[in-house]
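Here the structure comes first, spelled out in structure tokens, and everything after it is commentary.
Every read-out reported here was derived from the displayed coordinates using simple, explicitly stated rules and does not represent laboratory data. Predicted model, so just to flag it, every value in this text is computed and none were measured. Heads up, the Cβs are rebuilt from the backbone with ideal geometry, glycines too, and the neighbour counts pull from every protein chain shown.
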């Protein structure tokens, strides 16, 4: 019965759920009303390292796993209210023109990387130890992708964000183990979004969740004015149903699972 409910909820979320973008705008308005300063994750990392977090801050992080159209609607709402955010794009969702717009506005556009999962799927590797042995090779792929994005974007990427794939869960390995200190120093990466000191600097970290939960651990409205430094992670898919995009993503996920 529980499995059937999960399937029904997924179908509703992917194909029938009304847009929640009006709610997203209400979040932005409420934070402004209560005096939160919106900053990018790279600005937050700098302030954290210099111990300059005084007052109330909101770090608005978007992981663009799918659905560029909804990501652009996030951006329109933020521009309307003169606030900034951080956007992280996978190689499958890269939109350099849009990323340049984000940077020109004063927000942050960077890389949502997943080279470990991609490598494992490409080479049909299902062993954690086998992947660990290939890390030097996978780091070269990451470096190539990272530098290519920087070149196309025409600006420095200071923060990056690890994507969580079903393969990572099967392997028991996160993508962020890929970027060791040597690689960070070589590429000028200040931080990865899940670095312990980054996460520990938030009073509360909220992630959006699929229908019907929407937020974890609780609604952001519950924490406004109760926490000084709030970070919220959002994904376009959780805020608006795009039938074409969601169908394509579901079919891709099915194919990858079978092929791996």
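Worth pointing out:
- Restricting attention to the stretch 22-45, the residues being more than 15 Å from residue 85 (Cα to Cα) and either in contact with a helix residue (DSSP H, G or I) (Cβ under 8 Å, 6 or more places away or on another chain) or assigned to a helix (DSSP H, G or I) (or both) number 5.
- Selection from the stretch 59-88 of residues that are part of a strand (DSSP E or B) and in contact (Cβ under 8 Å) with a residue 60 or more places away in the chain: 59, 60, 61, 62, 63, 64, 86, 88
- The one condition from (1) part of a helix (DSSP H, G or I); (2) in contact (Cβ under 8 Å) with a residue 12 or more places away in the chain; (3) under 20 Å from the mean Cα position of the chain (by Cα) that residue 257 does not meet is (3).
- The set of residues in the stretch 156-176 that are more than 20 Å from residue 256 (Cα to Cα) and surrounded by 15 or more Cβ atoms within 10 Å (Cβ to Cβ) comprises 157, 158, 159, 160, 161, 176.
- Comparison of 198, 189, 177 shows that the only residue that is touching a residue at least 24 places away in the same chain (Cβ under 8 Å), more than 23 Å from residue 68 (Cα to Cα) and part of a loop (DSSP other than H, G, I, E, B) is 189.
- Residue 227 more than 19 Å from the chain's Cα centre (by Cα) and either surrounded by fewer than 18 Cβ atoms within 10 Å (Cβ to Cβ) or within 22 Å of residue 90 (Cα to Cα) (or both): no
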